[in-house]
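Step one of this worksheet: look at the structure below.
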Amino acid sequence: MNAKIKKIIPQLITLSIVILIFGFFAFNAQVNMENRGIEFGFGFLSQESSFDVQFSLIEYDGSHSYARAYLVGLLNTLLVAFIGIIFSTILGVIIGIARLSSNYLIERTAAWYVEFFRNIPLLLQIFFWYFAALRALPLPQDSEPIMGVFFLTIKGLFIPSFIWQNLNIFIYSIIAVLISIIVIRTYARKLQENQGKQLPVLFISLGLIIILPLLTFLFGGVSLKFQIPVLKQLAATSFIYEGGLGIPPELIALTLALSLYTATFIAECVRAGIQGISKGQKEAAASIGLKPNQILKLVVMPQALRIIIPPTTNQYLNLTKNSSLAAAIAYPDIVLIFAGTALMQTGRAIEIVSITMLTYLSISLSISALMNWYNKSIAIKEK
Amino acid sequence: MNKLYLSKPNINNLYIYIYTGFFLIFISILDVVFNSFFEINLTTFLPTTLSFTLPLIIGFLGLYLVRIEFTGIKYLDQLNKNINTNNFNALLTLIIIFAIIKTIPPSLSWFILDANISGDSKEACTGTGACWTYIKIWIRRFIYGMYPNAEQWRINLSFIALLALGSVGYFATDKFKKYLTLYYVVIYPFIAFLFIFFFISGGPIFFEFSYGMIAFGLSIIIGFFVPKKIKLWYFLLVPILLYISLKYFFFYEETIDLGKLSGLNWVETGAWGGLSLTFIVSFFCLIFCFPVGMFLALGRRSELLLIRYISIGFIEFWRGVPLITVLFMSSVMFPMFLPEDFFMDKLVRVIIAISLFEAAYVAEVIRGGLQALPRGQYDAAKSLGMGYWKMHIFVILPQALKLVIPGIANTFLALVKDTPLILVVGLLEIVGMLNMAKTNPEWLGFSMEGYVFAAIIFWIICYAMSKYSYNLELKYKTDR
């Protein structure tokens, strides 16, 4: 009896403290809102937002609702996160492997890259790229085309846009290729397990990837045109590129800084993962006659990935959360549009800040749930 | 005379290969050096692409020729082993060497040769390089923010004093070593708080609040010498008595009014800024987030369900949201949660927000350490008759914290790197001051110098911290 009470009392105390704090906050919030004449509710989301956004993936202008503005911000955040994750992964893996190179110079260079970029605050890096480095670019009218079609100017990067015809057929062909590659791979594995024969899977897959989509161009009526950006004069000294795809400098600075910064952490994860494989594994693989690339593919990588993936996903999450720094250079992400402009206009601090936090929270929690599931599925099954 | 195979360097005719090889490497490096340092292109007679890649090709051939195994020449063998193992490595080596040579002249000229530091206006910057005059003129703002020039000695004094007090641990003799933890966890933060409060802030709040702080501090310090029997009574009564006596007998408001004990001028927190604010914010967040994180970690490992779930919810909430939204919450949403006439300073709110945010990360790190301890440690402590708190304070936590030094150092590094973010709520530490300075109409166009300056400072701080944590890790490493 005594032990039971001893367990219950601290729980009760903690619970009552938490309830008291929340109750205190709720009470004050109610009083404050009453005094200011605001009512708690999410009805404002359907009101007209009446502000414009510089860069949006979906159609949006001031006549749309706040909910739509939220969606614009969310998509922009996800866009930055997506591009950043791709670039940081590529860079991080290269640097991580370079850290393990037997070449002294390469190893040192990679080490200094890591030491340099991860010891400078991300915000400072974003500011550096946006306010110092990208501001040194030429004006649109002075810019020299890179390879004839890309224009890197102070107003952003302008690249040719694709104009597709019968895009759906092309996509179907890609899907068909992917499915057939999977089928071939399973067949090849079976063949190897049963008869010991090896199929040149890589060459077959590469051939399929090139040939089938090419066929759709020749016979399927698919065609692709490039629209190259053209300089256009708006006023005496104001020029802009039209046609093509314009990538705003905010997006460039943000992805650049995020990828360079996060790549250092991913590089460390990759290095730790590969170093975590004991030498005996490689020697054992070599002693049963596997070739070096087979050792890497069949023995080292599957084990290293088990160590690499969980912390790397953590870094992806960090990148997504860090993309909220976009607000500091006015890239229209969810924090700037929703927790910035929309909050200023409506004054609904509690609702808007909680929605923003809940959005990030649900992204984080869903990715970590996915990760836990994945971790369980690849964990070593011990008896 | 052995036959000479140019395509297959071997140990026969060793010196012919070595001399040709090094001659080629030398030529390639010479070409790049001339190109970048003196802007002389030695190979203008060739087409542009070829002239550009020629040093690479020549150097590659040279490295190929000297790649001979087991020559017995020490330096050559080392060179081959370290930077010249195969063709791919040789190519990368050359690219890195050339890239370094190529970047030296422009960076040298930007940082030093063509830079200006003399003068005190924008006009003094005539060179094409950096304008360090800008940094020189603005350095006070970058370090002290908008803090009045005449009062800046207060910040200097506080920081020097705190640094001196903080280094006590190095000089402590063995006799006092056991009190160090207590000193750093309780007394030092308290002294630091008093310094910030009395010196850096100053002004009328000094007297409203400081009696309580002094009473609290004094009673704790005296408390160590009080016999155990009356400790409870002592801590119940003495602080209150001290507070009353301080307020009504020692520091009369009248004596202050008479000018006998005039306080320092009040500098509001809005005027604080620059590097000193970075230090203040990271210092206090560091102090607060550690104990909070430790309790959260214990809570998450607790057997009591309710406490465990509350801890999990708290940790996962803070870890799931970006710091910028937390800061937004502290600045726009949190005031709504407080009574209307209750005012809490913005800086205090921000420090609380960052502390709670980082505490969640610290908690996860410490939890890792707790989980890494073998069960036997818990069982052994319990079998000695230790209770929950005794077990954790004397057996579990000392070992667990030792294990997680690198993790905690990383979290603290992240904290320091996160402090510039407070500019989104209008507190201008060094990056914020830079952003403000670069919009000054008299000093337009020097953003590069500013950011490079701040980057160097942050880099030094963070690099030193990470090296220090590495040393700590080595120092406290115990083999199991």
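We did not get these values from a lab; they are worked out from the coordinates using the rules stated. Owing to the predicted nature of the structure, the values given are computational and were not obtained by experimental measurement. Note: ideal-geometry Cβ built from the backbone for every residue, glycine included; neighbour counts use all protein chains shown.
Here are some notes:
- Residue-wise HN-Hα coupling along segment B:310-321, computed from phi with Karplus coefficients 6.51, -1.76, 1.60 (Hz; x: Gly, Pro): 4, 5, 4, x, 4, 4, 5, 4, 5, 6, x, 10
- A cut-off of 5 Å between modelled amide H atoms, ignoring neighbours fewer than 5 places along the same chain, links A:TYR241 with A:LYS232.
- Only helices enter this figure: runs of n ≥ 4 DSSP H residues, each worth -39500 (n - 2.57), summed and divided by the residues of the protein assembly as shown, yield -20500 deg cm²/dmol at 222 nm to the nearest 500.
- Mean partner shielding of peptide B:448-455, defined as the number of other chain Cβ atoms within 10 Å of each residue Cβ, is 5.
- Remark: segment A:19-105 is approximated by an ellipsoid whose semi-axes, taken from the C-alpha gyration tensor as √(5λ), come to 45, 25, 8 Å, largest first.
- Residue among A:PRO310, A:PRO248, A:PRO302 with the largest mean-square fluctuation in a Gaussian network model of chain A, springs linking Cα atoms under 10 Å: A:PRO302
- Residue among A:ILE13, A:ILE171, A:ILE163 with the largest mean-square fluctuation in a Gaussian network model of chain A, springs linking Cα atoms under 10 Å: A:ILE13
- Look at where the Cα atoms of segment A:360-374 and of segment A:172-219 average out, and the two centres are 33 Å apart.
- C-alpha center-to-center spacing [segment A:296-341, segment B:314-368] in angstrom: 22
- Within segment A:194-236, backbone nitrogen closer than 14 Å to the virtual label 7 Å beyond the Cα of A:SER161 toward Cβ: A:225-230
- Axial C-alpha extent at least 30 Å, average Kyte-Doolittle at least -1.0 - helices from chain A (DSSP): A:2-36, A:66-99, A:167-195, A:249-275, A:349-378
- About the Cα centre, charge dipole magnitude for the protein assembly as shown (Lys/Arg +1, Asp/Glu -1 at Cβ), debye: 3940
- Partner chain coverage, peptide B:411-421 - average Cβ within 10 angstrom: 3
- Sorted fewest first by neighbouring Cβ atoms within 10 angstrom, A:THR89, A:THR356, B:THR20 come out as B:THR20, A:THR89, A:THR356.
- FRET efficiency for A:TYR104 and A:LEU215, using Cβ-Cβ distance with R0 set to 60 Å, rounded to 0.05: 0.75
- Our analysis of chain B gives Rg over Rh at 1.10, with the two radii drawn from alpha carbon positions and Rh computed by the Kirkwood formula.
- Residue among B:ILE244, B:TYR184, B:THR103 farthest towards the positive dipole end of chain B, charges placed on Cβ: B:TYR184
- Cβ-Cβ FRET estimate between A:THR237 and A:PHE22, R0 fixed at 51 Å, reported to 0.05: 0.30
- Burial order of peptide ranges B:84-96, A:16-28 (average beta-carbon count within 10 Å, highest first): B:84-96, A:16-28
- Inter-chain neighbour count for A:112-120: the average number of beta-carbon atoms from partner chains within 10 Å of each residue's beta-carbon is 4.
- Cα-based shape type of chain A, given that a ≥ b ≥ c are square roots of the gyration tensor eigenvalues and the cut on a/c is 1.5: oblate
- Set of aspartates and glutamates with alpha-carbon distance to B:LYS382 below 19 Å, sequence-local pairs under 8 removed: B:GLU303
- Within segment B:18-33, backbone nitrogen closer than 20 Å to the virtual label 7 Å beyond the Cα of B:ILE100 toward Cβ: B:22-33
- Most mobile listed residue (A:ILE94, A:ILE83, A:ILE120) in chain A, GNM with C-alpha springs under 10 Å: A:ILE120
- For the protein assembly as shown, the convex hull drawn through the C-alpha positions has a volume of 285 cubic angstrom per residue.
- Fewest-first ranking of B:ASP31, A:ASP52, using other Cβ atoms within 10 Å as the exposure measure: A:ASP52, B:ASP31
- Dimensionless Rg/Rh of segment B:355-455 - Kirkwood Rh, Rg from C-alpha atoms: 1.30
- R0 of 45 Å, Cβ-Cβ distance A:ILE86-B:ASN10: FRET efficiency to nearest 0.05: 0.45
- Considering only B:ILE351, B:TYR15, B:ILE117, the residue lying farthest towards the positive end of the dipole of chain B is B:TYR15, judged by Cα position with unit charges set on Cβ.
- Gain in span if fully extended, A:ILE154 to A:SER65, counting 0.36 nm per residue against the direct Cα distance: 28.9 nm
- Protection proxy ranking of B:297-306, B:393-402, by the mean of other Cβ atoms within 10 Å over each peptide's residues and highest first, is B:297-306, B:393-402.
- Converting phi to 3J(HN,Hα) with the Karplus coefficients 6.51, -1.76 and 1.60 and the offset θ = phi - 60°, segment B:106-122 yields x, 6, 4, 5, 5, 6, 10, 5, 9, 8, 10, 9, 7, x, 9, 9, 4 Hz in sequence order, with x at every glycine or proline.
- By the rule of a second cysteine Cβ within less than 4.7 angstrom, chain B holds isolated cysteines at B:CYS285, B:CYS289, B:CYS462.
- Using the average count of surrounding beta-carbon atoms within 10 Å as a protection proxy, the listed peptides B:106-112, B:216-222 rank, highest first, as B:216-222, B:106-112.
- Helix B:447-475 vs. chain B, principal-axis angle (Cα, 0 to 90°, nearest 10): 80
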